[in-house]
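Derivation of every value follows stated rules applied to the coordinates shown; laboratory data play no part. A quick note: this is a predicted structure, and the numbers were derived from the prediction, not measured. No Cβ is skipped: glycine too gets one built from the backbone with ideal geometry, and neighbour counts run over all protein chains shown.
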Amino acid sequence: MKYRVLAAIPFVFTAIVAIVFAMYPEGAGRLIAMRAEIELVKALALIGCVVAASSFERGDYLRRAWLLNGACFVVLILRDVTFKMSLPQGPQLENVQASLVLVANIVSIAGTWMMARTWQVAGIDPSQSKARIALILSAAAIALTITGTAIYTDIRDATATASRIGALEALASDFGDVFSLCVIAPVLLTAWAMRGGVLRWPWALYTASLFGWLVYDAIAGVSTFVTLDPWTHRLAGELCRTISCTFLLSAGIAQRLVIASFDAPSSRLLSTPPEAP
Amino acid sequence: MTQPPRAIADKIAEKLAVYLGPHTARVAVKTFSMKALGRGPETLTRLDMPRLLAALRPMLRTFVGKAHAETVLAQIQEDIGR
């Protein structure tokens, strides 16, 4: 039951965010609400990653993976708080901002890569079936197709506009997304393989978070071909960001709950009555 | 009374299934039985338990961490190995 509640949280939270945005149809209030939403959901994602990492001990594989996922949000929040909300804008500072986005994407890639490789690291099934490889490659191709449009747009902007730093920042983000989305299939397959076990929950929720980012990039791609009202486009993107970040929060809490179930004496999930001799 | 080998494999898989799900639990027992003992789960006896559990340790550590892997293994040993 508690895991189902965790799965529902992102939808409820996203609905609340949509209602809040609807209350600010235009003006400064809308921008303030959006900035607050962006920082809040990044903070929630960070909390999820920290909660999950704290379930493990130093040296544990998934502790490192969760910490790397969380480090991305630390850097992004630092960037937002210092540059977007405090310091004045300028070319020098734009370089620093772009560098921070690059760092955030590198650690995000590392964290997602570790999550995707967990199945191999565990060594449960060393054989890579043809179907599994085909699924992973197909998913990577779909992810590339979706994010490729965003990359094309940002490369075009980087070469054609005066604001190259902004476009390069977006490009760093695009490449981070491409990589993360290309590894959706291995993460999804891990969640699927765990069906029927409690560990499926953190994996399924983590997969849902990645899917949210896939849709986020798909929306950016759609805007290349279809003329969208800028606010509608932005709103759709922000709702995707909200659902992705809150799914990460839920995944982190689910990871914590699963691990905590080992410690609860009453839950002794593994124990069975002794057999008759 | 000596348990039939298949029953031992099934029981270990059943314990692991709570966390890993039945499919992965069965695959894990089969994979690590082959890896550690060089034979299938249908041949497992209680004497094979320590080696099989040692082989399962890295896999469990990856998914649930060092400390909790030991909890799971100790529990399996306690429930099935007696």
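Mind counting the residues in region B:53-81 that are surrounded by fewer than 20 Cβ atoms within 10 Å (Cβ to Cβ) and either in contact with a strand residue (DSSP E or B) (Cβ under 9 Å, 6 or more places away or on another chain) or at the interface with another protein chain (Cβ under 7 Å from one of its Cβ atoms) (or both)?
6
Please go through region A:50-66 and pick out each residue that is closer than 15 Å to A:TRP119 by Cα and of a type in the set (Asp, Glu).
Passing the criteria: only A:ASP60.
May I ask you to verify whether A:PHE83 is under 19 Å from the mean Cα position of the chain (by Cα), in a helix (DSSP H, G or I) and aromatic (Phe, Trp, Tyr)?
In short, no.
For the subset of region A:25-79 comprising residues that are basic (Lys, Arg) and under 22 Å from A:CYS240 (Cβ atoms), which member is nearest to the other protein chains (Cβ to nearest Cβ)?
The qualifying residue nearest to the other protein chains (Cβ to nearest Cβ) is A:LYS42.
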